[in-house]
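This report refers to the structure that appears directly beneath it.
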Amino acid sequence: LPQVVIIGRPNVGKSTLFNRLVGKKLALVDDQPGVTRDRRIGDVDLLGLRFKIVDTAGWEDEDAETLPGRMRAQTEAALVGAAAAMFVIDSRAGLTPLDEEIGRWLQRSSVPVILIANKAEGKAGDSGIFEAYSLGLGEPVGLSAEHGEGMADLFDALLPIIEPLQVEEEVVEYGEDEDRPLGPIQLAIVGRPNAGKSTLINQLLQENRLLTGPEAGITRDSIAVDWVWHDPKLGEDRPVRLIDTAGMRKRAKVTDKLEKLAVADARHAVDFAEVVVLLLDATKGLEHQDLKIAAHVIEEGRALIVAINKWDVAEDPSGLFNGIRHALDEGLAQVKGVPMVAVSARTGKGLDALLSAAFETRDIWNKRVATAALNRWFDDALSANPPPAPGGKRIKLRYITQAGVRPPRFVIFGTRLDDLPESYRRYLVNGMRRDLGFGAVPVRLMLRSPKN
Ligand code: GDP
């Protein structure tokens with residue numbers, strides 16, 4: 001994580017600020033100068049901005065009016081490799097010669113400096129904040145570490161420095177991830193009784209090479225069966241792990257109870273799957289129960305594919321396909337355009353297309369967009385259709401970053417986000433699907449505003 005160093009003469013509130021940011025009472029804080037003695041490092045999560053903070057309190061000498069050599073050497077050491085320095089002054093006491101000396105010294109350093117006028121609760125610090133401009137270190141952030149006031153302004157000052165570093169680090173982490181080949185695709189096949197799940201699984205296992213014993217997936221207790229699919233498009237073998245569902249078990253009879261079990265089973269399978277294939281019966285079409293299972297898959301953040309089985313006996317195939325497409329898009333408002341594949345478990349037709357679609361969807365589910373490209377897209381989306389201004393006050397969206405994958409998750413930083421209408425959120429998510437290639441996998445969007 002990027003490091004931020006707190007610097008300032010004794011008794012300006014460095015330890016209080018440290019504690020406020022770290023969120024725990026780690027340091028002994030006292031009005032007497034020089035009470036804290038150890039160099040302390042803490043992890044900060046300030047409204048999603050994550051960094052390490054180093055407190056230099058306790059490095060001061062007794063003589064508060066000079067910059068002692070020891071403090072200077074230690075501070076210099078702490079600044080090496082730091083992303084930023086927070087230079088704290090006491091806005092009620094006003095500037096002292098030592099503040100000015102530290103200020104001059106920091107001006108010469110290459111580390112970005114955030115000037116903090118502390119003890120500014122209420123209006124008490126106004127004149128001190130004004131005076132602080134004379135240090136030539138930019139606009140001072142007035143705050144009260146003790147009362148937690150002004151944290152949003154501190155967030156704003158840190159954001160342009162920390163956020164790019166934080167994101168760089170995430171991208172590096174992901175880069176390592178990316179080099180590691182993804183494991184076998186974890187696939188679950190769910191659907192109502194008689195949709196053809198058992199037939200499909202048998203067909204898949206029969207056509208393809210099993211990695212474990214041939215009975216593994218078909219016994220009652222098994223959890224998964226591993227096999228290898230030969231991808232004809234890539235000309236490559238690709239490992240598949242089929243997650244256990246009711247379709248993999250031997251059953252005597254299909255009863256009403258099983259209809260309910262289908263949903264329960266889907267829930268179980270979804271917990272372990274990356275991609276879930278919802279199998280429909282072409283002779284029955286899309287029914288309410290199917291939509292319920294589909295919605296559950298999406299809610300759980302898994303990638304969904306719809307396979308229409310028994311295509312060999314489908315009447316009016318194109319009418320059927322379009323009808324199901326329409327009903328799916330209506331029924332799953334958050335994800336239009338879920339991949340649909342027509343198959344016949346009996347003949348094996350369409351099974352390669354189904355597995356291709358499953359692997360492709362998993363790639364999207366794992367996909368990450370670089371922050372620069374993401375924000376270029378974001379700026380365009382905001383200028384094409386600016387956020388509304390309820391009550392005359394414009395909602396401000398500043399910055400977007402991808403917080404994770406599997407499923408893709410994004411964080412937008414801004415202000416007045418509580419007022420952002422659902423329709424605008426949908427506008428952004430649909431844009432990501434269309435312009436950034438997130439297709440029809442679940443996409444999570446979180447909003448973060450600086451609040452105290
Ligand atoms: P499950 O309850 O979902 O596991 O469904 P089954 O695999 O037991 O299949 C239910 C019925 O549909 C059986 O009679 C199968 O033979 C039949 N079936 C499954 N797949 C197909 C298919 O692709 N085409 C046709 N015509 N029938 C199929």
How much length is gained if the chain between ALA93 and LYS393 is pulled fully straight, taking 0.36 nm per residue apart and subtracting their Cα-Cα distance, in nm to one decimal?
104.3 nm
In nm, the gap between the two label points placed 7 Å beyond Cα toward Cβ at ARG325 and MET446 is 3.6 nm
Roughly speaking, what is the centre-to-centre gap between region 292-328 and region 357-393 when only Cα atoms are used, to the nearest Å?
27 Å
Please report, in debye to the nearest 20, how large the charge dipole of region 269-409 is about its Cα centre when each Lys and Arg carries +1 at its beta carbon and each Asp and Glu carries -1 there.
820 debye
Listed here are the pairs LYS14/LYS393; LYS292/LYS367; LYS336/LYS367; LYS52/LYS393; which of them are more than 30 Å apart at the Cα?
LYS14/LYS393; LYS52/LYS393
Taking R0 as 41 Å, what FRET efficiency do you get between ASP312 and ASN385 from their Cβ-Cβ distance, rounded to the nearest 0.05?
0.35
Please give the residues of region 315-342, grouped as numeric ranges, whose backbone N is less than 13 Å from a label point set 7 Å along the Cα-to-Cβ vector of ASN430.
330, 333-337
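How much length would be gained if the chain were fully extended between LYS52 and ALA77, taking 0.36 nm per residue of separation minus their Cα-Cα distance, in nm to one decimal? Each step should come with its number before you reach the end.
On the way: separation 25, 0.36 × 25 = 9.00 nm, distance 1.55 nm.
Going from the current span to full extension adds 7.5 nm.
What FRET efficiency would be calculated for the residue pair HIS230, LYS292, taking the C-beta separation as r and a Förster radius of 45 Å, to the nearest 0.05? Intermediate values should be presented prior to the final figure.
On the way: r = 35 Å, r/R0 = 0.77.
E between HIS230 and LYS292, to the nearest 0.05, is 0.85.
FYI, it's all coordinate maths here, none of it is from the lab. Note that the structure is a prediction, hence the values are computed from the model and not measured. Here Cβ is always computed from backbone atoms with ideal geometry, including for glycine, and neighbour counts include all displayed protein chains.
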